[in-house]
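The values are calculated or read from the model by the stated rules, or taken from the named source; none is laboratory data. All of these numbers come straight from a predicted model, not from anything done at the bench. Here Cβ is always computed from backbone atoms with ideal geometry, including for glycine, and neighbour counts include all displayed protein chains. Surface areas here come from the heavy atoms of the whole protein model, side chains and all, with no ligands, DNA or RNA. Shrake-Rupley method; radii C 1.70, N 1.55, O 1.52, S 1.80 Å.
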Amino acid sequence: MDDTRTAAAPTAAPAAGPLAGFTVGVTAARRADELIALLRRRGATVVHAPALRIVPLADDGELLAATKELIGRAPDTVVATTAIGFRGWIEAADGWGVGEELLARLRATELLARGPKVKGAVRAAGLVETWSPQSESLAEVLDRMLAGGVAGRRIALQLHGEPLPGFVEALRAGGADVVVVPVYRWMAPEDLAPMDRLLDTVAGGGIDAVSFTSAPAAASLLSRAEERGMTEAVLAGLRGDVLSACVGPVTALPLQARGVDTVQPERFRLGPLVQLLCQELPGRARVLPVAGHRVEIRGHAVLVDAELRPVPPAGMALLRALARRPGWVVGRPELLRALPGAGRDEHAVETAMARLRGALGAPNLIQTVVKRGYRLALDAGECHTDSAG
């Protein structure tokens, strides 16, 4: 079901789980609730900012023209890419009074369904698919078609929002006559405020990862950043500490085209995407032995001996500054510069440091060096370094 509800402020997550202490942005519209539930179940704090809304084309002349063209001249192969899109196509044809003619054409052609959900929609229409990959991978569908040869074949492709990058081009390069069927389009959400807040957070480094489940969502987010004149700031965040997690390689293309590194699961599903985040984010956390404790610095919280300790943003800024040179003294002027919006009063460092110590629950983790500054009480025998970890 399409989910275009407005995102609320980040919701605190449970203390346990591999994603506890991390904040993850969700740009999905469809199936957003499912993804959010999976993330929260593993402890993440979630910021939902739908980057898209789906606009059905039941009254669209382009869809009607494509449907009539296929009825008039039968395709050799039809590729159904999404369940909601295939159902919408059949319903639109019924509304125009050509539903039975379309179904007759589809019964007489090779019908490829991208995965189990699309297969369910095909069978609900009284049809039987010729083949469907378990992986839900369009790349696997394309490989199968090219392996069998597409030269001279007429292929109808039900789009899922925008032309599929590389898919149509590969078929045409192989000699196929491709007819695209635009069942619905992705458009920017009516309420842009959640997406704008997410962009601000990415640019400010206040989020650990952003998840993408479609290429149009990634393109929409980048387009909105450009409209707001913050493309470079957003790209700097995505190229830096903010992890871009994509459900598959096609989804990643708009980001990779802008020089953003992405990670993708081997299976292009929501569950594996969440599992990938559970591996990647904890793997990026800084772990230090401090004053006899194991300290793991996460996005907005710290694990002290496996106990989650939420830390305010100012405290996290100080802790990260200290962790860049563990065991070395960091002066108050440098710590002041690390504080967000602290101004020139070094008393702000003392106030934030007191709150940080209280949040950590172990005051001896951070030592005060009189007239010099503060340092992490790194355990004896650990290496000191002047470089960031």
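What's the magnitude of the charge dipole for segment 251-389 around its Cα centre, counting Lys and Arg as +1 and Asp and Glu as -1 at the beta-carbon? Answer in Debye, nearest 20.
Working: 19 positive and 13 negative charges, 54 e Å.
It works out to roughly 260 debye.
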query = Tell me, what is the FRET efficiency for R228 and V263 to the nearest 0.05, using R0 = 22 angstrom and their Cβ-Cβ distance as r?
reply = 0.25
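With +1 on each Lys and Arg Cβ and -1 on each Asp and Glu Cβ, and nothing else charged, work out how big the dipole of segment 98-139 is about its Cα centre, in Debye to the nearest 20.
On the way: 6 positive and 5 negative charges, 25 e Å.
It comes to approximately 120 debye.
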query = What are the extents of the Cα atoms of segment 98-227 along their three principal axes, listed from largest to smallest and rounded to whole Å?
reply = 54, 31, 26
query = Given labels modelled 7 Å from the Cα in the Cβ direction, how far is it in nm from A108 to D196?
reply = 5.4 nm
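Could you tell me what percent of the accessible area of the chain is made up of carbon and sulfur, with a 1.4 Å probe and every protein chain present? Walk me through the intermediate numbers first.
Details: 8850 of 17310 Å².
Summing carbon and sulfur atoms, their accessible area is 51 percent of the total for the chain.
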key: Hydrodynamic radius by Kirkwood, which averages 1/r over all alpha carbon pairs of segment 265-356, in angstrom   = 14.8 Å
message = Among L335, V295, L322, whose Cα projects farthest towards the positive end of the dipole of segment 257-389, with charges put on the beta-carbon of Lys, Arg (+1) and Asp, Glu (-1)?
response = L335
inquiry  = Between R294 and Q134, what's the calculated FRET efficiency when r is the beta-carbon distance and R0 is 35 Å? Round to 0.05.
reply    = 0.25
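Report for the chain the percent antiparallel among DSSP-assigned beta bridges with both residues inside it, nearest 5.
Details: 25 of 52 bridges.
Counting DSSP beta bridges with both partners in the chain, the antiparallel share is about 50 percent.
Between T351 and W328, how high is the FRET efficiency from 1/(1 + (r/R0)^6) when r is the Cβ-Cβ distance and R₀ = 35 Å? Nearest 0.05.
Numbers: r = 23 Å, r/R0 = 0.65.
For T351 and W328, the calculated efficiency is 0.95.
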ask   = For the modelled label position 7 Å from the Cα of E91 along Cα-to-Cβ, which residues of segment 20-59 have backbone nitrogen atoms closer than 14 Å?
value = 54-59
query = Can you give the Rg to Rh ratio for the chain, taking only C-alpha atoms and Rh from Kirkwood?
reply = 1.10
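Under a Cβ-only charge scheme (Lys and Arg +1, Asp and Glu -1), can you give me the dipole magnitude of the chain about the Cα centre, in debye to the nearest 20?
Numbers: 44 positive and 43 negative charges, 223 e Å.
For the chain, the charge dipole is close to 1080 debye.
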Accessible area of segment 311-360 divided out per residue, in Å², using a probe of 1.4 angstrom = 48 Å²
query = Mind checking which aspartates and glutamates have their C-alpha under 14 Å from K119, skipping anything on the same chain fewer than 8 residues away?
reply = E110, E129, E136
query = Do any GluC sites (Glu not before Pro) in segment 118-197 lie in a DSSP loop with no more than 12 other beta carbon atoms within 10 Å, and if so, which?
reply = E190
remark   = Among L255, F86, A362, the residue whose Cα sits farthest towards the positive end of the charge dipole of the chain (+1 at Cβ of Lys and Arg, -1 at Cβ of Asp and Glu, taken about the Cα centre) is A362
